[in-house]
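The values are calculated or read from the model by the stated rules, or taken from the named source; none is laboratory data. Values in this document were obtained by computation on a predicted structure and should not be read as measured data. Cβ placement follows ideal geometry from the backbone for every residue including glycine, while neighbour counts extend to all protein chains displayed. Calculation scope for accessible area: heavy atoms of the full protein, side chains included, ligands and nucleic acids excluded. Shrake-Rupley method; radii C 1.70, N 1.55, O 1.52, S 1.80 Å.
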Amino acid sequence: MYALIEFMGKQYKTEKGAVLKVDKIDAEPGAVIDIDKVLLVSGDGVPVRVGSPYLNGAKVSATVESHSKDDKIIVFKYKPKKDYRRKQGHRQQYSVIKIDDISA
């Protein structure tokens, strides 16, 4: 069984036992979160159910595994022949969550 969910403004395809890398959430590792913005549910003999925009009564439970930072990216701006150069680095913070259950 799989579900399409909307979480923090982004959409993810989830299955039971899947591990997702999402934007950092404000929860301790080991905390259980419930996601009720389910867009679609299908699989395991269940016909495809599509919400408009969300399915009523559908829910996805997940556990926060850890928090970390992504690799550093370099943002470099310059204008040729004008002596303008700006270098800036950025590391995006993210959380790793594991999908425990999908209830339709």
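Within the set of other residues whose C-beta is less than 13 Å from the C-beta of Leu39, count the net charge using Lys and Arg as +1 and Asp and Glu as -1.
Charge balance near Leu39 sits at +3.
Using a probe radius of 1.4 Å on heavy atoms only, what accessible surface per residue do you get for segment 23-104? Whole Å² is fine.
71 Å²
Please list, in order along segment 8-13, the HN-Hα scalar couplings obtained from phi with the Karplus expression 6.51 cos²θ - 1.76 cosθ + 1.60 (θ = phi - 60°), rounded to whole Hz, x for Gly and Pro.
6, x, 10, 10, 9, 9
Leaving out same-chain residues fewer than 8 places away, which lysines sit with a Cα under 24 Å from that of Lys72?
Lys10, Lys21, Lys24, Lys87
If you filter the chain for chymotrypsin sites (Phe, Trp or Tyr not before Pro), then keep DSSP loop positions with at most 11 other Cβ within 10 Å, what is left?
Taking the chain and a limit of 11 other Cβ atoms within 10 Å, no loop chymotrypsin sites (Phe, Trp or Tyr not before Pro) are found.
Which one, Val41, Tyr12, Val75, projects farthest toward the positive side of the charge dipole computed for the chain from Cβ point charges (K/R +1, D/E -1)?
Val75
When only C-alpha pairs under 8 Å and at least 6 residues apart count, what is the relative contact order of the chain, in percent?
Normalised by residue count, the contact order of the chain is 33 percent.
List the trypsin sites (Lys or Arg not before Pro) within segment 42-104 that fall in a DSSP loop (any state other than H, G, I, E or B) and whose Cβ has at most 12 other Cβ atoms within 10 Å.
When the trypsin sites (Lys or Arg not before Pro) of segment 42-104 are filtered for loop state and at most 12 Cβ neighbours within 10 Å, Lys72, Lys81, Lys82, Arg91 remain.
Whenever you get a sec, compute what percent of the accessible area on segment 35-104 sits on carbon and sulfur atoms (1.4 Å probe).
The value for segment 35-104 is 46 percent carbon and sulfur by accessible area.
Tell me the net charge near Lys59. Cut-off is 12 Å between Cβ atoms, Lys59 excluded, with +1 for each Lys or Arg and -1 for each Asp or Glu.
That works out to -3.
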